[in-house]
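The structure appears right after this line, and notes come after that.
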Amino acid sequence: MITASASGKIILFGEHAVVYGQPAIAVPVEQVATTVQIEQGTKGIWIDAPGISLSADLSTLAATHPIKKVILDFFGLTNIPQTPLKIQVTSTIPIASGLGSGAAVSVALLRGLSLFYKITITAEQINAIAFEAEKIHHGTPSGIDNTVIAFSRPVYYIKNQRLETFTVRRPFHILIADTGISALTKVAVGDVRALVERDPLVYGNWIEQIGQIVSSAKMCIENGELIELGSLMTQNQTALSHLTVSSPELDTLITTAMTHGALGAKLSGGGRGGNCIALVDESSIEKVTAELLKAGAKNVVHTLIT
Ligand code: PMV
């Protein structure tokens, strides 16, 4: 039996605007992950994914099922003949909450299949297949989720451009707080698109402002300016609220983090639920975590961005 995994991710800056060609910054989060175990089966390709209540033979899944698409794309790419398999998918990444659960499943499956069949596939190839599955999940994805997870490194991402990474002058602490509410990115992205089409001047302007915030944030990360970075996070959140993708629960957690000493806070990912992130000093990690939980966060994960 082989085991492979893929981490979760957070978007630090730039979600939604990234769909319109603005830059965004995302980093892998190793504290949560999807794990895939693959062994030889007896007949067909059997998938067990308890997190999404899936226990079925691949042939019975719709052609548009993202897991089916990824597995068939793997065989298509490598020209390996299908053999009976038993695949188990488990994950500590909450679903539909902005941490990249869909992309992590795709990447872990592809890493697992390449290990099982002892064939090398590149991160670029993994990324390309995972992107196709993201289209099923999200409709019109920017590609940021599959990219940060397939390459396992921080990205300064602009759609359809060569991958850029960045250096972190002063490592910083991020708390990731889960509202416990799952929300479909596809719906939030569609709603933002409707707003932009209805009033391109107003909403296009928020999208452009987010792009400017993201390029300033990259400079702050590279220069180790954490106070400014926090303030940019809060500015990014204001713009996201104008795009209608925040929610009362996210707002409560963000206000709580700020009241108890966070340097900045914002939603992360599609919004309307899912997770928010807060930039904190080492000395306030414990306090802010406790207050977030008191304010209703279902879970708080601490990660150090280096
Ligand atoms: O909700 P997530 O983690 O899938 O993040 C989506 C990020 C968006 O910018 C809202 C959509 C996209 O495709 O980039």
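The values are calculated or read from the model by the stated rules, or taken from the named source; none is laboratory data. Bear in mind that the values here come from a model prediction, so they are computed numbers and not experimental data. Neighbour counts are summed over all protein chains in view; Cβ atoms, including those assigned to glycine, are modelled from backbone coordinates with ideal geometry. Remember, those area values only see protein heavy atoms, side chains included, never the ligands or the DNA or RNA. Shrake-Rupley method; radii C 1.70, N 1.55, O 1.52, S 1.80 Å.
Across all directions, the average projected area of the convex hull around the alpha carbons of the chain is 15.2 nm². Taking 0.36 nm per residue of separation and subtracting the Cα-Cα distance, full extension of the segment from L304 to I2 would add 105.8 nm. Each Lys and Arg adds +1 at its Cβ and each Asp and Glu adds -1 at its Cβ; summed about the Cα centre, the chain shows a dipole of about 560 debye.
Put a dot 7 Å past the Cα of K294, heading toward its Cβ, do the same for I181, and the two dots end up 2.2 nm apart. In this entry, the range 36-174 is assigned a mean projected area of 9.4 nm², taken as a quarter of its C-alpha convex hull surface.
Each Cα pair under 8 Å and six or more residues apart adds its sequence gap; the mean of these over the residue count of the range 2-157 is a relative contact order of 33 percent. Note on N160 and D281: the extension gain reaches 40.1 nm, defined as 0.36 nm multiplied by sequence separation minus the Cα-Cα distance. For K287, the accessible area of its heavy atoms, probed at 1.4 Å with every protein chain present, is near 100 square angstrom.
By accessible area, using a 1.4 Å probe on protein heavy atoms only, the chain has 54% of its surface on carbon and sulfur. Taking Cβ atoms as reference points and 13 Å as the exclusive limit, the residues near S7 contribute a net charge of +1, counting Lys and Arg as +1 and Asp and Glu as -1.
A 29 angstrom limit on the alpha carbon distance is what I want to check against. Which of K68/K298; K68/K266; K186/K218; K69/K159; K68/K186 exceed it? Display every interim value, and only then the final one.
Details: K68/K298 31 Å; K68/K266 34 Å; K186/K218 27 Å; K69/K159 22 Å; K68/K186 20 Å.
Among K68/K298; K68/K266; K186/K218; K69/K159; K68/K186, the Cα-Cα distance tops 29 Å for K68/K298; K68/K266.
In terms of accessible area, using a 1.4 Å probe and ignoring ligands and nucleic acids, E164, E15 rank largest first as E164, E15.
Taking the chain as the reference, fit the longest principal axis to its C-alpha atoms, fit the long axis of helix 200-223 to the helix C-alpha atoms, and give the angle between the two in degrees, 0 to 90, nearest 10. That works out to roughly 90 degrees.
Counting only heavy atoms of protein chains, what accessible area per residue, in Å², does the range 172-305 have with a probe of 1.4 Å?
On the way: 5640 Å² over 134 residues.
So the range 172-305 comes to 42 Å² accessible per residue, rounded to a whole number.
Normalised by the number of residues in the chain, the average gap of Cα pairs under 8 Å and 6 or more apart makes the relative contact order 23 percent.
Rolling a 1.4 angstrom probe over the protein heavy atoms with all chains in place gives the range 1-115 an accessible area of 38 Å² per residue. Each Cα pair under 8 Å and six or more residues apart adds its sequence gap; the mean of these over the residue count of the range 172-305 is a relative contact order of 43 percent.
A simple spin-label model places the labels of L115 and S59 2.8 nm from each other, with each point 7 Å out along Cα-to-Cβ.
Heavy-atom accessible area for T64, with the other protein chains in place and a 1.4 Å probe, reaches approximately 90 Å².
The modelled label-to-label distance between T167 and V202, using points 7 Å beyond Cα along the C-beta direction, is 4.4 nm.
When the helix-only estimate is applied to the chain (DSSP H runs of n ≥ 4, each -39,500 (n - 2.57), divided by the residue count), what is the mean residue ellipticity at 222 nm, nearest 500 deg cm²/dmol?
Numbers: 9 runs with 130 residues, N = 306.
Helix contribution divided over all residues of the chain: -14000 deg cm²/dmol.
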